[in-house]
1. Using alpha-carbon pairs under 8 Å, 6+ residues apart, how would you state the relative contact order of the chain in percent?
2. Could you calculate the contour length gain from residue 248 to residue 70, that is, 0.36 nm times the residue separation minus the distance between their Cα atoms, to one decimal place in nm?
3. How far, in degrees from 0 to 90, does helix 69-79 lean away from the longest principal axis of the Cα atoms of the chain, to the nearest 10?
4. Could you tell me which of rounded, prolate or oblate describes the chain, using a ≥ b ≥ c as the square roots of the eigenvalues of the alpha-carbon gyration tensor, with rounded for a/c under 1.5 and, failing that, prolate when a/b is larger than b/c and oblate otherwise?
5. Over the chain, with a Gaussian network built from C-alpha contacts below 10 Å, which listed residue (128, 156, 216) shows the highest mean-square fluctuation?
6. Run the simple label-point estimate for residue 224 and residue 36 please: 7 Å along Cα→C-beta, distance reported in nm.
7. State the extension gain, in nm to one decimal, for the chain segment bounded by residue 177 and residue 203, taking 0.36 nm per residue of separation less the distance between their alpha-carbons.
8. Helix 137-147 sits at what angle to the longest principal axis of the chain, using alpha carbons and giving 0 to 90 degrees rounded to 10?
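Coordinate-derived values only; no laboratory data. Please read all numbers here as calculations on a predicted model, not as lab measurements. Every residue, glycine among them, receives a Cβ derived from its backbone with ideal geometry; neighbour counts consider all protein chains shown.
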């Protein structure tokens, strides 16, 4: 599988490193803005990298677009002359629709939108796909071959992709803030920073695994921890008084609206 990664930024690099780490057989060629950064990618990742976007895309079976939304149109029009009908254009650009991607790239390649998140780097990512016009099962299978080894995947209607961006795309940052806050609480009660962070991070990791593996509603799992007149209910009451639940919901909604606005400004 030949993959051209257009834009070797944080997520482009996370995908490249994840593919290598988890044994996905692929020939990678990337592109970046400066020769200095291209040389850095070649040295650190051991893959071909150029400053010429069209060169990275030409001849690839899959063109993986990893640029910022405001750069997408310029880059796609730049590589459009080398895009062919037998290529899959797989974009991780937030906000940009499959219709825009197809139009800017010359209406030749099959287009799939993907929204991964940074835990793909350690094989614990969440990637969501939405299919453009003409996408067949084999195209989604190809996208799955890239992102499946990097975590879990799902497919949704394109109208839901802004919400996906707000929830799982931006979600790791929310979780890091929660871990940081719990760690601060641990320090406050006398734990070392190292121990407090370990307790907070592993508690979230374990609780998340319980949800995924048991398939039980989070509320039911919460009730298992909450014994009558115990410590947990007091902690939950304090969190409810602080409006943690509604604050997290508002965070996802705000990021979703920002995703929509990026499309209008692209």
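1. 16 percent.
2. 61.3 nm
3. Its long axis makes an angle of about 20 degrees.
4. It comes out prolate by the Cα gyration axes.
5. For the chain, modelled as a Gaussian network with Cα springs under 10 Å, the answer is 216.
6. Reported label-point gap for residue 224 and residue 36 is 5.2 nm.
7. Length gained, residue 177 through residue 203: 7.9 nm.
8. It works out to around 60 degrees.
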